[in-house]
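The values are calculated or read from the model by the stated rules, or taken from the named source; none is laboratory data. Not measured: the values here are computed from a predicted model. As a convention, Cβ positions derive from the backbone with ideal geometry for all residues, glycine included, and neighbour counts pool all protein chains shown. The protein model used for the area step is the full one, side chains on, heavy atoms only, and it has no ligands, DNA or RNA in it. Shrake-Rupley method; radii C 1.70, N 1.55, O 1.52, S 1.80 Å.
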Amino acid sequence: MTGLLDYVQGESFLHRLNPLTKLVLSFALCAAVFITDSHLIIIGILAAVLAFSAAAGTVSRSLRILSSLGKLSILLFIVQILFVRDGKVLLHLPFGLVITDSGVLFSLLFVLRFMTATLPLALMLAVTRISDLANVLVKSLHMPYSYAFALTTAIRFIPLFAEEMSGIMETQTARGVEFDTKNFFKKVRLLLPLCVPLLISSVRKTEGGAISAELRGFNLRKRNCGFREYPLRVADVLAVLFGVAVILTVSVF
Amino acid sequence: MADSLLKLDGVSFAYRGGDALQDISFEIQTGEFVALLGENGAGKSTLARICNGLLKPTGGVVTVGGKDTRRVKTSEIARDVGFLFQNPDRMLCQNTVRGELMFGLEFSSVPPEQHAARCDEMLSVFSLDGERDPFGMSRSERQQVALASVLARRPKLLILDEPTTGLDYRECMTIMDIVSRQNAEGAALLMITHDMEIVADFARRVLVLSRGKLIGDGDMRGVMRDRALLSSASLLPAQIPDLAMRLGGAFGEAFTITDMVKTVATLKEEVRV
């Protein structure tokens with residue numbers, strides 16, 4: 001099973017785009033989500049990203065990401081809705097809390113932004129090899145290789161750490177620690193000691209990675225070391241224009 | 001008939017990628033020492049996780065101490081089943097060895113007033129310093145701390161997932177001696193291993209898994225002699241039984257070095273006479 005941020009093998013038009021184009025497009029879609037205040041436009045962008053995912057063959061993964069974000073979104077929605085006091089009061093709650101129409105709209109906008117802004121970046125990672133991303137950052141954006149390496153390593157380590165945490169939780173459940181409890185606060189209290197093995201394992205992995213990178217001549221690498229070329233094609237220009245058009249549209253409306 | 005601690009009846013399990021286990025049925029009774037063998041990817045670790053409720057079967061029924069694992073929380077099953085994973089670092093989360101053992105006992109059915117005594121007992125059995133930091137220890141010592149933490153709970157069934165991987169012979173024997181003692185005191189053992197010498201020396205019953213199917217279940221000597229069965233799971237018999245089978249005759253029953261030495265001594269006596 002692949003993780004939610006792993007590369008998914010494929011030959012779709014999104015896979016074939018220049019990695020830089022995909023990066024620009026995903027940032028443009030994210031920016032559009034934050035520029036607009038319209039719920040409908042954000043839903044439209046979400047639908048467009050899901051359509052792109054379907055075209056790239058990663059729609060089930062995008063839906064899994066949405067489902068995972070959904071749980072956190074419910075919590076964020078509840079917190080937001082209770083703290084916005086402007087607008088017409090719809091409901092009075094105990095302890096002086098109120099639910100207002102502005103609160104509902106703002107909370108909904110907040111949650112929609114949160115969910116929609118995450119998807120383009122996840123989709124970009126699904127259709128772009130991490131090594132291609134690092135190479136294009138170095139070659140086209142002239143980013144120092146050590147910075148590009150740090151960035152891509154951080155992305156690559158997210159699923160590794162998630163897998164490690166899942167393994168740690170499995171081991172602890174097998175020794176009787178009640179992670180299968182339905183009490184949220186108890187679960188959080190039980191999770192805290194597990195940061196220790198996760199931290200130890202992270203440091204060990206990072207140290208191992210650093211040593212092996214050194215042994216392979218990490219410091220000798222220069223901007224022109226990569227043999228792969230990333231030319232801009234017509235499809236890339238069209239994709240960038242699409243991103244610019246989205247930004248302009250949401251800025252106007 | 002002895003009590004059935006673990007019972008699998010027609011158990012199947014599938015990951016997203018396809019079937020991992022198909023129609024597995026067996027029982028483990030109190031005091032048994034069972035080795036689970038099979039090639040890499042045969043489904044051994046999946047089967048072990050099914051046995052303690054970490055994974056729920058997609059078909060069939062698994063009962064531990066009479067409780068259906070689909071209806072009981074894994075943390076509750078853990079009160080009766082101890083599980084030692086290959087990687088001890090996923091278990092250790094306290095600053096001292098003593099803290100680690102006490103943390104494990106906190107989630108057991110052992111009464112709190114007995115925790116300190118159990119902890120001291122395990123520190124003595126494993127010759128461990130309770131005040132040491134587990135993360136500063138060697139791989140073998142960390143594995144011993146993890147095992148001590150599991151054994152302190154005195155589980156009725158102990159599942160060991162390749163407990164001797166990466167250990168030298170002496171460290172390996174230390175761990176095997178301790179788990180054998182637990183077995184002699186009544187705990188049932190299910191041990192996944194690739195080490196056929198350990199199987200020949202310690203196990204009394206062997207389960208052979210290949211491509212998710214249970215292709216062999218019998219007493220250790222019978223399985224060790226069945227070359228065709230072992231070969232279909234990409235296994236070879238342990239060296240002493242292999243040599244004994246090749247020599248045949250009086251050597252046919254030898255399964256350990258001690259057996260072999262005894263047979264040679266007897267034959268030497270006979271030649272002298």
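Annotation: the antiparallel percentage among DSSP beta bridges lying fully within the stretch B:4-225 is about 55.
Hey, how many Å between the Cα centroid of the stretch A:146-191 and the Cα centroid of the stretch B:70-140? If you average the Cα positions of each part, the centres end up 20 Å apart. Accessible area ranking (1.4 Å probe, heavy atoms, ligands and nucleic acids excluded), largest first, for B:His194, A:His92, A:His142, A:His15: A:His92, A:His142, B:His194, A:His15. Rounded to the nearest 5, what % of the DSSP beta bridges within the protein assembly as shown are antiparallel ones? Antiparallel bridges: around 55 percent, rounded to the nearest 5.
Over 23 Å between C-alpha atoms is what I'm after, so list which of A:Lys186/B:Lys73; A:Lys186/B:Lys67; B:Lys44/B:Lys156 land there. Pairs exceeding 23 Å: A:Lys186/B:Lys67. Cα centroids of the stretch B:166-241 and the stretch A:49-115: how far apart, whole angstrom? A separation of 55 Å, based on Cα centres. For the stretch A:170-183, backbone phi angles converted through the Karplus equation (6.51, -1.76, 1.60; θ = phi - 60°) give residue-by-residue couplings of 5, 4, 5, 5, 5, 9, x, 5, 7, 6, 8, 6, 8, 7 Hz, Gly and Pro being listed as x. Free of any GluC sites (Glu not before Pro) that DSSP assigns to a loop and that have at most 13 other C-beta atoms within 10 Å, the longest stretch within chain B is B:1-130.
In the elastic network of chain B, a GNM with C-alpha springs shorter than 10 Å, the most mobile of B:Asn183, B:Asn95, B:Asn87 is B:Asn95. Shown in residue order for the stretch B:198-214 are the 3J(HN,Hα) couplings computed by the Karplus curve 6.51 cos²θ - 1.76 cosθ + 1.60 at θ = phi - 60°: 5, 4, 5, 7, 10, 6, 10, 9, 10, 10, 10, 10, 9, 6, x, 10, 7 Hz (x for Gly and Pro). Could you give log10 I(q)/I(0) at q = 0.13, 0.17 Å⁻¹ for the stretch B:4-225, computed by the Debye formula over C-alpha point scatterers of equal weight, without solvent? Each listed q corresponds, in turn, to -0.74, -1.24.
Expressed as a fraction of 2.2 N^0.38 Å, the value expected for a compact globular protein of N residues, the C-alpha radius of gyration of the protein assembly as shown is 1.23. Ligands, DNA and RNA excluded, the heavy atoms of A:Leu238 present near 110 Å² of accessible surface to a 1.4 Å solvent probe.
Counting only other chain Cβ atoms within 10 Å of each residue's Cβ, the peptide B:74-81 averages 4.
Considering helices alone, the calculated mean residue ellipticity of the protein assembly as shown at 222 nm is -17500 deg cm²/dmol, with DSSP H runs of length four and up weighted by -39500 (n - 2.57) and normalised per residue.
When B and A come together, around 2200 square angstrom of accessible surface is lost from both chains combined, probe 1.4 Å.
How large, in percent, is the carbon and sulfur part of the accessible surface of the protein assembly as shown at a probe radius of 1.4 Å?
Here it works out to 61 percent.
Solvent exposure of the protein assembly as shown, expressed per residue, is 50 Å² of accessible area, with all protein chains present and a 1.4 angstrom probe. Between A:Leu108 and B:Gln114, the simple spin-label model (points 7 angstrom out along Cα→Cβ) gives 5.9 nm. Annotation for the stretch B:171-273: trypsin sites (Lys or Arg not before Pro) lying in DSSP loop with at most 10 further Cβ atoms inside 10 Å of their Cβ do not exist. The 3J(HN,Hα) values that the Karplus relation (6.51, -1.76, 1.60; θ = phi - 60°) gives for the stretch B:69-77 are, in residue order, 5, 6, 10, 10, 5, 4, 5, 6, 4 Hz. Gly and Pro appear as x.
Per residue of B:150-159, other chain Cβ atoms within 10 Å of the residue Cβ number 1 on average.
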